Amino acid sequence: MGSSASKKRLRAKEEVAEMLENYKKGIQKVALMLQDQRRTRFVVVCIAEYLSISETQRLLRELKKNKVRASHVVVNQLVTSTALSKEELADLEGLAEVGTLSLNQELLSKTVHACRLTTARRFIQEKYLDQLKSFPETEGMRGGICEVPLLAEEVTGVGALRKFARHMVRDVPTAADGAGVSTKSAGSGPRRLYDDQLERTSMSVKGDEEKKSEGDANSWSPSKGDAVKIQGLAKAAQYNGLEGVVVGAVDPETNRCGVRIELDGKSKTLALQMKNMVLLHKAKKAKNGSPERGPLPGAHASPSAEPPVSKAMAVLEDPEIKAMVEGNPKFKDAVEDCISNPMNFMKYLSDPEMSPLISKAMSKLKF
């Protein structure tokens, strides 16, 4: 029971690790896309007001810091070219005051009020538009600041989009200028897929890690009790791939050390060079600081070690477990099913009705 639960937890950890690795690759791929100076550009959209302009400057700084190209800034809802100037507004107010305009008085009042609002907005927008153009972050955009006027209608539908698009294009090319002629820039040509770039980067990192691992292995000094794997033997190739335990320090004269292996049920000690050993794990230290001697890799455990299945069977004799099994027919059937085939335990792990029995049994097991 305990072994099956451990395997399930291990599988869950592996699934989570795989999911996180895929998530990491997705983030790295997005980063490559954003930092591609030839195929990706960032277009910032704002309005000519204090908060929006300040946030735009901060955003442009962050984009530059992270090597993301910002090519344009679109300033929306401008009235700088359509609103009355202060002089024009003063003339209008003068005409309205002396009654020169033959308009309904209420309509005239609303007209003057609307003009006052747009004129006030015009000077506010001109102030912050000038600030935007003076930022160091926008100096290199070469006319990349697009000024879009406040429109009286919503931009919905193909016709409205085409009309709006005219505000986004400056100096539209004509047929005489070579419009429609396909030209290739100096940097044009086939592009690598982002997945390929990511794979190439991952392989480079993996290669660096392998080199580091090889360096660590070469700097390893064998100690008594270290677990090793045999490799690279030419004349005694039958030992390659076997695991053993170091039983002595390296002899300075021969540059070899003793490695005890288990072969065909018999123990044998080989004198191996460093190049023919790969460290599996260092020797465990006992409480007194000396290496803890354990069984050889692949050797069977001593008869005194109680196997997990025996412990699980012993738990069924526990009074609490016994009472739960006897009092619940479903528990009883499940226990009998698992006794006949221990692998059937896996199908009960996800059953919420079996959770109380499994939890109680796990608390009784002590491996």
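Bear in mind these aren't lab numbers, they're just calculated from the coordinates by the rules spelled out. Small disclaimer: the values here were computed from a predicted structure and weren't measured. Glycine also receives a Cβ, built like all others from the backbone with ideal geometry; neighbour counts cover every protein chain displayed.
If each of residue 247 and residue 330 carries a label point 7 Å out from its Cα toward its Cβ, how far apart are those two points in nm?
5.7 nm
Cβ under 14 Å from residue 45's Cβ, residue 45 left aside: what net charge do those residues give with Lys, Arg +1 and Asp, Glu -1? Provide the component values of the computation, followed by the final result.
Details: positive: 41; negative: 49, 55, 147.
With Lys, Arg at +1 and Asp, Glu at -1, the net is -2.
Would you kindly state how much longer the chain becomes between residue 169 and residue 63 on full extension, computed as 0.36 nm times their sequence separation minus their alpha carbon distance, in nm to one decimal?
Length difference between fully extended and current span is 35.8 nm.
Let a ≥ b ≥ c be the square roots of the eigenvalues of the Cα gyration tensor of region 12-77; is it rounded (a/c under 1.5), or, if not, prolate (a/b larger than b/c) or oblate?
Prolate is the answer for region 12-77, as a/c is 1.5 or above and a/b outweighs b/c.
Multiply the residue gap between residue 151 and residue 84 by 0.36 nm, knock off their C-alpha separation, and tell me the result in nm, one decimal place.
Extra length available between residue 151 and residue 84 comes to 22.5 nm.
Explain nothing, just the number: relative contact order of region 1-149, from Cα pairs under 8 Å at least 6 residues apart, as a whole percent.
29 percent
Using r as the Cβ-Cβ distance of residue 20 and residue 54, and R0 as 41 Å, what FRET efficiency do you calculate, to the nearest 0.05?
0.65
Residue 266 to residue 341: FRET efficiency via 1/(1 + (r/R0)^6), r the Cβ-Cβ distance, R0 45 Å, to the nearest 0.05?
0.80
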